[in-house]
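For reference, the structure discussed in these notes is given below.
The values are calculated or read from the model by the stated rules, or taken from the named source; none is laboratory data. No experiment lies behind these values; they were computed from the predicted model shown. Glycine gets a Cβ as well: all are built from the backbone with ideal geometry, and neighbour counts include every protein chain shown. For the accessible areas, the whole protein counts, side chains as well, though only heavy atoms, and no ligand, DNA or RNA atoms are used. Shrake-Rupley method; radii C 1.70, N 1.55, O 1.52, S 1.80 Å.
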There are 4 protein chains.
Amino acid sequence: MSQTFSGLFVVAQTPFTDDGALDLESVDTLCDFYIKHGAAGLTVLGVAGEAAKLSMEESLATVRRYVARAQGKPVIAGVSNPSVAQLAALTKDVVEAGAYGVMIAPATGLKTEEDIFSYFNAVFSRIGDVPTVLQDFPFSTGVWLSVPTIARLVERHPQIQAIKEEDIPSAAKITRMRAALPRPVPILTGNNGVFLLQELAHGIEGPMAGFSYPEMLSGVYKLYSAGKVQEAHDLFDTYLPLLNFENQSQWGVAVRKEVLKRRGAIRSATMRSPGPVLTAADLKDIDLLVSRVEKAVAERK
Amino acid sequence: MSQTFSGLFVVAQTPFTDDGALDLESVDTLCDFYIKHGAAGLTVLGVAGEAAKLSMEESLATVRRYVARAQGKPVIAGVSNPSVAQLAALTKDVVEAGAYGVMIAPATGLKTEEDIFSYFNAVFSRIGDVPTVLQDFPFSTGVWLSVPTIARLVERHPQIQAIKEEDIPSAAKITRMRAALPRPVPILTGNNGVFLLQELAHGIEGPMAGFSYPEMLSGVYKLYSAGKVQEAHDLFDTYLPLLNFENQSQWGVAVRKEVLKRRGAIRSATMRSPGPVLTAADLKDIDLLVSRVEKAVAERK
Amino acid sequence: MSQTFSGLFVVAQTPFTDDGALDLESVDTLCDFYIKHGAAGLTVLGVAGEAAKLSMEESLATVRRYVARAQGKPVIAGVSNPSVAQLAALTKDVVEAGAYGVMIAPATGLKTEEDIFSYFNAVFSRIGDVPTVLQDFPFSTGVWLSVPTIARLVERHPQIQAIKEEDIPSAAKITRMRAALPRPVPILTGNNGVFLLQELAHGIEGPMAGFSYPEMLSGVYKLYSAGKVQEAHDLFDTYLPLLNFENQSQWGVAVRKEVLKRRGAIRSATMRSPGPVLTAADLKDIDLLVSRVEKAVAERK
Amino acid sequence: MSQTFSGLFVVAQTPFTDDGALDLESVDTLCDFYIKHGAAGLTVLGVAGEAAKLSMEESLATVRRYVARAQGKPVIAGVSNPSVAQLAALTKDVVEAGAYGVMIAPATGLKTEEDIFSYFNAVFSRIGDVPTVLQDFPFSTGVWLSVPTIARLVERHPQIQAIKEEDIPSAAKITRMRAALPRPVPILTGNNGVFLLQELAHGIEGPMAGFSYPEMLSGVYKLYSAGKVQEAHDLFDTYLPLLNFENQSQWGVAVRKEVLKRRGAIRSATMRSPGPVLTAADLKDIDLLVSRVEKAVAERK
């Protein structure tokens, strides 16, 4: 099985200045922050990375900057796009920009298995030999992939080097996938990591998630891999209230950026419009959760 | 404001025997369990109560049994139905069976505000003067109610005595609703209680949620209401890993029933078909989470 | 192959009086009208039959009245229901009321093939040996059935005696289904009959549709079956403008009821609330289309 | 009211060669064909124009070629995009390429009126003073715009110069929109023109639709505008069976391209992958429908 997809892949934010311009200097500090806190790789241009608000030039500039700063760690770029032509063009561009591979979810609107197979035939015949993470995230795409469907995609398309599994409940699906996959393929999980312990128990290679305290995600992975299950749970539970609070789709990303700013990882918590804006009451909720997490972390030491 | 909707309303399970028959004796023990652990009221025949798998006769038998056992506490019955005629008929029946009121969500398929107002005009002109909880749960219904829409519904329909708010993020919407509502209406929240602390901070009257440890939900409400915010968080965090694990829609209900059985509240954890079935690996995950919760609770004492 | 499902099955309206009460006397006149105009069978309690606005008692009364009046022709009753228990109970009741069989669509919310198979296992294990029409109508249910999925359902469940195919484009799917079905199963088509000629060319057993001039649907079927293809088209085209106008989901049903009233088949064009209400401008559109159809029909003679 | 949006706006195909390359020479012949058959303007890069399968460069090359060939007639470019940044960038590019304006539908995923207003605020603050057609096509976008919502958008955003109305039923909504719009705005209609006569009766400025016989759409518009209502219907009805057959979303586009090739307007009927491919049986259906239309047209003369 590929050794590349093992450990924490951080789903990376795209930093903006207060007035909404792309902030490439903050990419540097944020990338350092992720690696310092245990990232084995990075996933950029995802939904949480506000990819849909970037121009093509900005998307590529972001990939290049992350790649340049990532100390050789693999950078995966999200390229999902309703247009197969644009998906293929973007794939070519991000690979030229230094990305290790791409992440692709089935296009919204696919219905039957026949549609799904036809879509991925078109995709994989165009992008060529690029390492690909197949993303199974039905609550976002509206496309449900059954375990047999995933197995057949893996069989047909050698480009699929890893699966990002975000169906719910994830754990049972992971177990069934392990039994059905025709070749060993690493499985990483998302959903912001809220079910990470159970997913580890069912045999995944690591989390692919964003969190303002990535040291928790990497730490849990290491403890669990070392057989320290209770310690892994203890670490996880320390951060869980804040993790949950960030697990509220785009609004949760606003929370995450606010905490990343407070921790000095980025200069501004701004999300590009259209997007959520935190109120004073929301900031107060964050104050309380962060102070409780910080206190609990201090007590652990 | 109505004093009825204040504190914990437990979203109640419907117990079945191992072979799937309605288990009315377990309704008695489960109802006692809920009240012993702090329920101020009960909500029956919800999605988590497997209402969609009951015949009409079973639905009414369940309501009657809960009412008879509830020591005078109010029982709310879910009556959402694609058919307004059946919704109205069921409302009449459950009120005759002793329910205090009903809970109604907008029918799947409603699109514009005009559709929504037309639908509720039809509903409220038929059910008469029955206390109603308006349920705002867009991820289940597919119908998005804006704050101005909710305010207008409350203005037009005096039957609306409470709102169950389950949009995400809930906290900000609660704040905006408080400012917009034309009369004081209690707001209760669901989503299995995972955002309860923030919702309390934004001014709700209590949780309307299911959990295998309802004493946590009632306890958090009481502590928070008494101004003991940090203690409320401490109590909440103790149970959070298990609460999250139960927060996986119908599959999470299977977990909850399993824990309720282990705690002696019901005789069988069976869910009616079609529904999820827990595997040995899933039961192991539950073993671990429950043992950790029990240990943490013991340490608190 | 079953000889029962051959020719025109009229999707029957449910007549109401001007004030919205069930009008059983109009069931008699409407049933006579359908049979006089060539119905080989009837489908009642469908979406176009406003089933979702009937109480259980009204549903059964409607079935009984149609059966009593249908001169021995088979009556199929729609029993689709989010609750398998209620679906099974309703199936039992309608069969006792004299229905020849039932029509079932997959429940909204089913996603993967696994879900679909599990759902129909639950359904068919409960309803017993009742002749069933499997309805494939993805634009209404949101559930997409691929051809292999349909073939497997037919293989597993001998109760499936016919398929109502309403996917778009229907013709190509019919051809692929014919090749894939493991046993001969009649295929009837819906979508209000707008693609009837092409569906006949691809080998169906007849239309299952509603129209205010059912003599067109039965006439086209007979001409086509007799090899008179051009004549079948000529007849079809004569009515097509009005057929299209009725092909606007629930609003189209309001048009159909208005024309049925004008033709003396029912006493009132009322649809139950919540439902569309025709404006004066709409009635004028109908005046024009009906007068053009009537003129064209007269000229054909 | 703007005189620009009056008469037939043809929703233009994007021609490809047999092997799927963009065929700019066929753009010339197709553009000539549209104008010869009565186009007052063109709409390019729509869903039916396979926009989602073009790279950015191809999109702009298509716009430029159409503009260069259109004899000064206005060309509207579809720019709907999940990314507001990309929508704005594409808008800038197509206007520089000579497009008269753009067409924008609300992004899939918008839910409440608040979301919709926020989205269009972001869009219109970025694209500047570009004439815009607001597209209301809920069956494609999943976003339902009520009449009051449309009226408020028109009030807030002077860029909205026309509305493309594709809700069903369209006619009643057009009448209500006319009464609610705060300033005179032309309304054009789509849905492939199948409800064109009723829409004209309710007061629209013309069709914005694709059809392999655009002379029917322009002819109906002219006859109706000249008060020749029955003649307009006669012309419409002559082509209706083929019009309906093309009204089957992407599959219908394959039919349309086949007929356009037969009429000499383009060199190849190819649709880019992933997309529908016509079978021999489908081609036979087309043979029959086209021969009947041609015969009926000949008889009219």
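What are the residues in region B:158-172 that are closer than 18 Å to B:Ser2 by Cα and open to solvent by less than 10 Å² (accessible area, probe 1.4 Å), if any? Talk me through it step by step, then tell me what you get.
Within region B:158-172, the first condition is being closer than 18 Å to B:Ser2 by Cα, and the residues that meet it are B:158-165.
Those that are closer than 18 Å to B:Ser2 by Cα and open to solvent by less than 10 Å² (accessible area, probe 1.4 Å): B:Ile160, B:Ala162, B:Ile163, B:Glu165.
For region D:76-98, name all the residues that are at the interface with another protein chain (Cβ under 9 Å from one of its Cβ atoms) and among the small types (Gly, Ala, Ser).
Within region D:76-98, the first condition is being at the interface with another protein chain (Cβ under 9 Å from one of its Cβ atoms), and the residues that meet it are D:81-86, D:88-89.
Within region D:76-98, D:Ser83, D:Ala85, D:Ala88, D:Ala89 qualify.
Check whether at least one residue in region C:221-233 is under 19 Å from the mean Cα position of the chain (by Cα), at pLDDT 95 or above and not polar (S, T, N, Q), and report yes or no.
Narrowing region C:221-233 to residues under 19 Å from the mean Cα position of the chain (by Cα): C:221-222.
Subsequent filtering for residues that are at pLDDT 95 or above retains C:221-222.
With the extra rule that they be not polar (S, T, N, Q), the set shrinks to C:221-222.
Checked against the condition, which is being under 19 Å from the mean Cα position of the chain (by Cα), at pLDDT 95 or above and not polar (S, T, N, Q), region C:221-233 yields at least one hit.
How many residues, within region A:13-27, are outside any helix (DSSP H, G or I) and either in contact with a His (Cβ under 7 Å, 6 or more places away or on another chain) or not aliphatic (A, V, I, L, M) (or both)? Give the steps one after another, and end with the answer.
Our first condition is that a residue be outside any helix (DSSP H, G or I); within region A:13-27, this holds for A:13-23.
Next cut, either in contact with a His (Cβ under 7 Å, 6 or more places away or on another chain) or not aliphatic (A, V, I, L, M) (or both) only: A:13-20, A:23.
Final tally of qualifying residues: 9.
Looking at (1) part of a loop (DSSP other than H, G, I, E, B); (2) closer than 24 Å to C:Val255 by Cβ, which one does D:Asp129 not meet, given that it meets all the others?
(2)
Report whether or not D:Leu54 is modelled with pLDDT under 95, open to solvent by less than 10 Å² (accessible area, probe 1.4 Å) and more than 23 Å from D:Ser170 (Cα to Cα).
It is true that D:Leu54 is modelled with pLDDT under 95, open to solvent by less than 10 Å² (accessible area, probe 1.4 Å) and more than 23 Å from D:Ser170 (Cα to Cα).
Only residues in region D:274-296 that are within 14 Å of chain A (Cβ to nearest Cβ) count as the first member; pair them with residues that are hydroxyl-bearing (Ser, Thr, Tyr), Cβ under 8 angstrom, at least 6 apart or cross-chain, and list the lot.
D:Pro274/A:Ser118; D:Pro274/A:Tyr119
For residues in region C:269-301 being more than 21 Å from the chain's Cα centre (by Cα) and closer than 22 Å to C:Ala52 by Cβ, which is surrounded by the fewest Cβ atoms within 10 Å (Cβ to Cβ)? Break it down into steps so the answer makes sense when it comes.
Restricting attention to region C:269-301, the residues satisfying the condition of being more than 21 Å from the chain's Cα centre (by Cα) are C:273-274, C:277-301.
Retained after the next criterion (residues that are closer than 22 Å to C:Ala52 by Cβ): C:273-274, C:277-278.
Details: C:Ser273: 18, C:Pro274: 17, C:Val277: 11, C:Leu278: 19.
For region C:269-301, the residue satisfying everything is C:Val277.
Among C:Gly41, C:Gly101, C:Gly46, which is closer than 17 Å to C:Gly142 by Cα and more than 14 Å from chain A (Cβ to nearest Cβ)?
Working: C:Gly41 fails: closer than 17 Å to C:Gly142 by Cα; C:Gly101 fails: closer than 17 Å to C:Gly142 by Cα.
Exactly one of C:Gly41, C:Gly101, C:Gly46 is closer than 17 Å to C:Gly142 by Cα and more than 14 Å from chain A (Cβ to nearest Cβ), namely C:Gly46.
Of all residues in region C:173-190, how many are within 14 Å of chain D (Cβ to nearest Cβ) and surrounded by fewer than 20 Cβ atoms within 10 Å (Cβ to Cβ)?
Just the residues of region C:173-190 that are within 14 Å of chain D (Cβ to nearest Cβ), to begin with: C:173-179, C:189.
Filter once more, so that each one left must be surrounded by fewer than 20 Cβ atoms within 10 Å (Cβ to Cβ): C:175-176, C:178-179.
Of the residues in region C:173-190, 4 are within 14 Å of chain D (Cβ to nearest Cβ) and surrounded by fewer than 20 Cβ atoms within 10 Å (Cβ to Cβ).
Just checking, how many residues over region C:105-153 are touching a strand residue (DSSP E or B) at 6+ places or on another chain (Cβ under 6 Å) and within 14 Å of chain A (Cβ to nearest Cβ)?
The qualifying residues number 2.
Just give me the residues in region B:1-24 being under 22 Å from B:Gly193 (Cβ atoms), of a type in the set (A, V, I, L, M) and surrounded by 19 or more Cβ atoms within 10 Å (Cβ to Cβ), in sequence order.
Filtering region B:1-24 for residues under 22 Å from B:Gly193 (Cβ atoms) gives B:1-15.
Filter again for of a type in the set (A, V, I, L, M), leaving B:1, B:8, B:10-12.
Result: B:Leu8, B:Val10, B:Val11, B:Ala12.
Find the residue count for region D:148-157, including only residues that are out of contact with any Asp or Glu (no Cβ under 7 Å at 6 or more places or on another chain) and open to solvent by less than 10 Å² (accessible area, probe 1.4 Å).
Qualifying residue count for the region: 2.
Any residue in region B:233-247 that's more than 14 Å from B:Ser212 (Cβ to Cβ) and at the interface with chain A (Cβ under 7 Å from one of its Cβ atoms): show its pairings with residues that are open to solvent by less than 10 Å² (accessible area, probe 1.4 Å) and part of a helix (DSSP H, G or I) at Cβ separation under 9 Å, as long as the two are six or more apart or on different chains.
B:His233/A:Leu289; B:His233/B:Leu197; B:His233/B:Val220; B:Asp237/A:Leu240
With the requirement that a residue be over 15 Å from A:Phe195 (Cβ atoms), out of contact with any Pro (no Cβ under 8 Å at 6 or more places or on another chain) and open to solvent by 10 Å² or more (accessible area, probe 1.4 Å), what does region B:244-268 give you?
B:Glu258, B:Lys261, B:Arg262, B:Arg263, B:Gly264
Could you count how many residues in region D:89-116 are open to solvent by less than 20 Å² (accessible area, probe 1.4 Å) and more than 27 Å from D:Ala209 (Cβ to Cβ)?
Qualifying residue count for the region: 1.
How many residues does region C:199-232 hold that are buried (at least 20 other Cβ atoms within 10 Å of the Cβ), assigned to a helix (DSSP H, G or I), among the hydrophobic types (A, V, I, L, M, F, W, C) and more than 14 Å from chain D (Cβ to nearest Cβ)?
Residues flagged as buried (at least 20 other Cβ atoms within 10 Å of the Cβ), assigned to a helix (DSSP H, G or I), among the hydrophobic types (A, V, I, L, M, F, W, C) and more than 14 Å from chain D (Cβ to nearest Cβ) within region C:199-232 amount to 1.
Could you tell me which numbered condition B:Ile35 fails, if it satisfies all but one of (1) buried (at least 21 other Cβ atoms within 10 Å of the Cβ); (2) more than 13 Å from chain C (Cβ to nearest Cβ); (3) β-branched (Val, Ile, Thr)?
Going through the list (1) buried (at least 21 other Cβ atoms within 10 Å of the Cβ); (2) more than 13 Å from chain C (Cβ to nearest Cβ); (3) β-branched (Val, Ile, Thr), B:Ile35 breaks only (1).
Here are B:Glu215, B:Glu199, B:Glu166: which of them is in contact with a Ser or Thr (Cβ under 6 Å, 6 or more places away or on another chain) and modelled with pLDDT of 95 or more?
Details: B:Glu215 fails: in contact with a Ser or Thr (Cβ under 6 Å, 6 or more places away or on another chain); B:Glu166 fails: in contact with a Ser or Thr (Cβ under 6 Å, 6 or more places away or on another chain).
The conditions single out B:Glu199.
Can you find, within region D:59-75, the residue that is farthest from the other protein chains (Cβ to nearest Cβ) among those that are farther than 22 Å from D:Glu166 by Cα and in contact (Cβ under 8 Å) with a residue 40 or more places away in the chain? Write out each step before concluding.
Here is the first cut: in region D:59-75, the residues farther than 22 Å from D:Glu166 by Cα are D:59-73.
Restricting the remaining residues to those that are in contact (Cβ under 8 Å) with a residue 40 or more places away in the chain gives D:62, D:65-66, D:69.
Numbers: D:Thr62: 12, D:Arg65: 17, D:Tyr66: 19, D:Arg69: 23 Å.
For region D:59-75, the residue satisfying everything is D:Arg69.
For region C:63-93, what are the residues that are at pLDDT 95 or above and more than 17 Å from the chain's Cα centre (by Cα)?
Within region C:63-93, C:Arg64, C:Arg65, C:Ala68, C:Arg69, C:Gln71, C:Gly72, C:Thr91, C:Lys92, C:Asp93 meet the criteria.
Is it the case that region A:171-186 has a residue that's touching a Lys or Arg at 6+ places or on another chain (Cβ under 8 Å), farther than 30 Å from A:Ala281 by Cα, not small (Gly, Ala, Ser) and not in a helix (DSSP H, G or I)? Quick ask: steps written out before the conclusion?
Quick first cut of region A:171-186, residues touching a Lys or Arg at 6+ places or on another chain (Cβ under 8 Å) only: none.
No, region A:171-186 has no match at all.
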